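The values are calculated or read from the model by the stated rules, or taken from the named source; none is laboratory data. Just so it is clear, the model here is predicted, and its values are computed rather than measured. Glycine gets a Cβ as well: all are built from the backbone with ideal geometry, and neighbour counts include every protein chain shown.
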Amino acid sequence: MHHEVPLITTIAAAFGFALVLGFAAAKLKLPSLVGYLIAGVIIGPYSPGFTANAEIAAQLAEIGVMLLMFGVGLHFSLDDLWDVRKVALPGAVLQITVATALGAALAHLWGWSLGGALVFGLALSVASTVVLLKALETRGILDTTNGRIAVGWLIVEDLAMVLVLVLLPPLSNALSGGEAGPDIWWTLEVTIAKIAAFVALMLVIGRRVFPWLLWQVTRTGSRELFTLCVVAAAVSLAYGAAELFGVSFALGAFFAGMVIRESEFSHRAAEETLPLRDAFAVLFFVSVGMLFDPHILIEQPWRVLAVVAIIIIGKSLAAAGLVLLFRYPLNTALTVSASLAQIGEFSFILASLGMSLGLLPREGQSLILAGALISITLNSLVFSALEPIQRWIRSNSALARMVERSDDPLSELPMSTEDKYLAGQVVLVGYGRVGRRIGAAMTEAGIPFVVVDQNRELVEQCRSKNIPAVFGDAAEIAVLIQAHISKASLLVIATPDTLDVRAMISTARKVNSSIETVVRTHNEEEAGLLRQEKAGIVFLGEQELANGMTHYVLQRFGREAA
């Protein structure tokens with residue numbers, strides 16, 4: 001007997017085509033997500049043959065967004081968000097303004113209405129959190145300063161888009177040529193109050209309730225119940241936040257992860273949800289591909305090219321310029337700009353709302369989807385180009401070199417710094433969770449050290465506590481010179497950014513050939529490579545944890561390690 005099973009059919013088709021085309025893309029040295037997007041185009045309504053259920057695919061993709069943002073919340077603490085507030089908050093607001101103006105100006109040239117131009121510009125201004133997280137995780141820079149700034153930037157964008165989605169309906173009459181309703185300011189006040197209430201509820205009550213609940217479930221000894229509790233928290237809280245407070249699913253799930261992070265089982269929660277996050281993230285990319293009408297590439301190629309140029313070039317240049325204005329290093333500016341060089345889920349929501357309100361023409365939705373598909377496909381290539389672009393800029397642009405050597409009081413130690421910090425000291429690169437513990441231990445032991453970090457706020461905090469600190473990239477010789485690496489006795493690299501470790505060590509040894517180096521890593525293969533390259537003492541996270549636990553067990557039974 002034949003049964004109508006659109007859910008099963010959609011999942012089977014999406015996963016099947018995504019597997020085949022993702023594998024083909026990987027073989028061609030392309031990002032797997034390119035294959036997932038093409039799979040969506042093939043099973044979408046604009047391609048001949050089988051057509052999957054687009055509505056079901058979109059809902060499955062929403063679950064993927066929830067789980068992915070939940071995972072980010074598990075790793076991204078409120079302290080991390082607070083540390084990058086000075087660049088993420090104003091930077092995101094200014095970048096949204098610039099990108100919206102570029103998109104609206106382009107739509108105005110095409111003869112669109114004010115409302116259509118505004119919706120179009122806003123849709124091009126907000127990047128996809130899902131795409132960003134995939135890119136940062138793939139490159140192992142999610143937990144670095146640059147990664148935290150990029151994620152914080154997108155969280156601010158998400159909050160701004162929540163306000164836009166709430167305010168657009170009451171403003172639609174005015175934007176389409178009519179008069180604005182009297183309830184606009186009231187709507188704004190209610191929206192801000194709801195978001196503030198949700199954040200306060202999650203931070204004050206949620207941080208106590210959910211870790212306690214997770215502990216109670218863990219005491220049952222059931223792995224299935226533990227996984228169910230984690231997934232239920234992610235999805236249910238996201239849905240409840242959307243229904244009761246009007247925030248997005250993504251933002252609700254993010255805060256759910258942040259409160260569960262307070263539990264000692266946060267790492268286990270992240271591991272348990274990883275397979276589900278990966279599977280549903282694939283469905284997100286497939287659902288994006290399903291929305292794409294390839295005919296727009298033939299009918300309006302120049303308009304598509306202009307949209308892609310705004311997303312990849314216009315937004316990126318605006319973001320990079322803003323980050324540099326906040327006196328962050330060139331590599332931070334390039335990382336943030338690459339992170340924003342795409343659009344995604346909020347753009348689709350804005351486009352749908354704009355069409356339902358009669359503001360955005362159908363052509364606008366097609367152009368937004370074309371820009372999303374192309375920019376998401378090219379985003380991995382943009383990230384891959386960062387290092388050669390950075391090398392080229394530094395070697396050919398006097399302006400870039402001047403910016404990085406700008407008259408910044410945080411980029412050099414104060415003249416009043418005591419002599420004990422200028423010779424024989426430890427240079428500590430990275431003052432995050434690990435670096436702070438190392439610094440505290442050295443302070444207690446009376447060992448002088450100088451901190452080097454790319455986070456301006458952390459450097460300012462160190463100086464307020466009379467800890468000598470230099471702001472900048474430790475891979476740059478000028479930064480290490482300011483930390484007096486030439487006379488230092490030890491270089492401790494406590495940052496999780498393993499990509500720049502070799503450059504940091506090489507730069508330090510150019511100035512001080514006899515300096516001893518200490519490095520951290522969480523990757524066994526990376527640890528082996530670093531040891532082969534004589535990177536100094538390498539501490540592997542899991543190994544050190546095992547050593548510490550072993551030492552305690554042996555000590556408990558009065559034995560000594562062999």
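Quick one: in region 168-217, of everything that is more than 30 Å from Gly358 (Cα to Cα) and in contact with a Phe, Trp or Tyr (Cβ under 6 Å, 6 or more places away or on another chain), which residue is modelled with the highest pLDDT?
In the first step, residues of region 168-217 are kept if they are more than 30 Å from Gly358 (Cα to Cα); the result is 196-217.
In the following step, the residues that additionally are in contact with a Phe, Trp or Tyr (Cβ under 6 Å, 6 or more places away or on another chain) were identified as 198, 202, 214, 217.
Details: Phe198: 81, Met202: 78, Leu214: 80, Val217: 85.
Checked region 168-217; the qualifying residue modelled with the highest pLDDT is Val217.
Give Val72, Val34 a once-over and let me know the one that is within 19 Å of Thr273 (Cβ to Cβ) and among the hydrophobic types (A, V, I, L, M, F, W, C).
Values: Val34 fails: within 19 Å of Thr273 (Cβ to Cβ).
The conditions single out Val72.
I need the strands (runs of 3 or more DSSP E) fully contained in region 481-550, keeping only those with at least 2 residues that are surrounded by fewer than 20 Cβ atoms within 10 Å (Cβ to Cβ).
Values: elements: 490-493, 516-521, 537-540.
Hits in region 481-550: 516-521, 537-540.
Are there helices (runs of 4 or more DSSP H) fully within region 51-160 with at least 2 residues that are β-branched (Val, Ile, Thr) and closer than 25 Å to Arg207 by Cβ? List them. Full working, then the answer.
Details: elements: 54-75, 78-83, 85-109, 114-125, 129-138.
In region 51-160, 54-75 are the helices (runs of 4 or more DSSP H) which contain 2 or more residues that are β-branched (Val, Ile, Thr) and closer than 25 Å to Arg207 by Cβ.
Scan region 333-350 for residues that are in a loop (DSSP other than H, G, I, E, B) and not aliphatic (A, V, I, L, M) and jot them down. Can you show your working first?
The initial filter retains those residues of region 333-350 that are in a loop (DSSP other than H, G, I, E, B), namely 340-344.
Within region 333-350, Gln342, Gly344 meet the criteria.
If only one of Arg207, Arg219, Arg139, Arg148 is of a type in the set (Lys, Arg), more than 30 Å from Val382 (Cβ to Cβ) and either in contact (Cβ under 8 Å) with a residue 12 or more places away in the chain or surrounded by 19 or more Cβ atoms within 10 Å (Cβ to Cβ) (or both), which one is it? Quick ask: steps written out before the conclusion?
On the way: Arg219 fails: either in contact (Cβ under 8 Å) with a residue 12 or more places away in the chain or surrounded by 19 or more Cβ atoms within 10 Å (Cβ to Cβ) (or both); Arg139 fails: more than 30 Å from Val382 (Cβ to Cβ); Arg148 fails: more than 30 Å from Val382 (Cβ to Cβ).
Going through Arg207, Arg219, Arg139, Arg148 in turn, the sole match is Arg207.
Every residue, every condition in (1) surrounded by 24 or more Cβ atoms within 10 Å (Cβ to Cβ); (2) outside the structural domain of Asp497 (by TED's automatic domain parsing); (3) polar (S, T, N, Q), yes or no:
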| position | (1), (2), (3) |
| --- | --- |
| Ala423 | no, no, no |
| Val427 | yes, no, no |
| Ile438 | no, no, no |
| Pro448 | no, no, no |
| Val452 | yes, no, no |
| Asn455 | yes, no, yes |
| Ser464 | no, no, yes |
| Gly472 | yes, no, no |
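Taking the residues in region 506-524 that are among the hydrophobic types (A, V, I, L, M, F, W, C) and touching a helix residue (DSSP H, G or I) at 6+ places or on another chain (Cβ under 7 Å) as candidates, determine which candidate is farthest from Asp473 (Cα to Cα).
Ile515
Give the residue, chosen from Arg268, Arg303, that is surrounded by fewer than 21 Cβ atoms within 10 Å (Cβ to Cβ), farther than 30 Å from Thr218 by Cβ and of a type in the set (Lys, Arg).
Answer to the selection: Arg303.
Only one of (1) touching a residue at least 60 places away in the same chain (Cβ under 8 Å); (2) in a loop (DSSP other than H, G, I, E, B); (3) outside the structural domain of Asp158 (by TED's automatic domain parsing) is not met by Leu37, so which one is it?
Checking Leu37 against (1) touching a residue at least 60 places away in the same chain (Cβ under 8 Å); (2) in a loop (DSSP other than H, G, I, E, B); (3) outside the structural domain of Asp158 (by TED's automatic domain parsing), the one that fails is (2).
Given the structure, is Gly71 of a type outside the set (Ser, Thr, Tyr) and touching a Gly at 6+ places or on another chain (Cβ under 9 Å)?
Working: of a type outside the set (Ser, Thr, Tyr): yes; touching a Gly at 6+ places or on another chain (Cβ under 9 Å): yes.
Judged against the criteria, Gly71 is a match.
Just to be sure before I move on: is Lys534 assigned by TED's automatic domain parsing to the domain that holds Val452, farther than 24 Å from Ile447 by Cα and without any contact (Cβ under 8 Å) to a residue 12 or more places away in the chain in the structure I sent? Give the derivation first.
Values: assigned by TED's automatic domain parsing to the domain that holds Val452: yes; farther than 24 Å from Ile447 by Cα: yes; without any contact (Cβ under 8 Å) to a residue 12 or more places away in the chain: yes.
Criteria met by Lys534.
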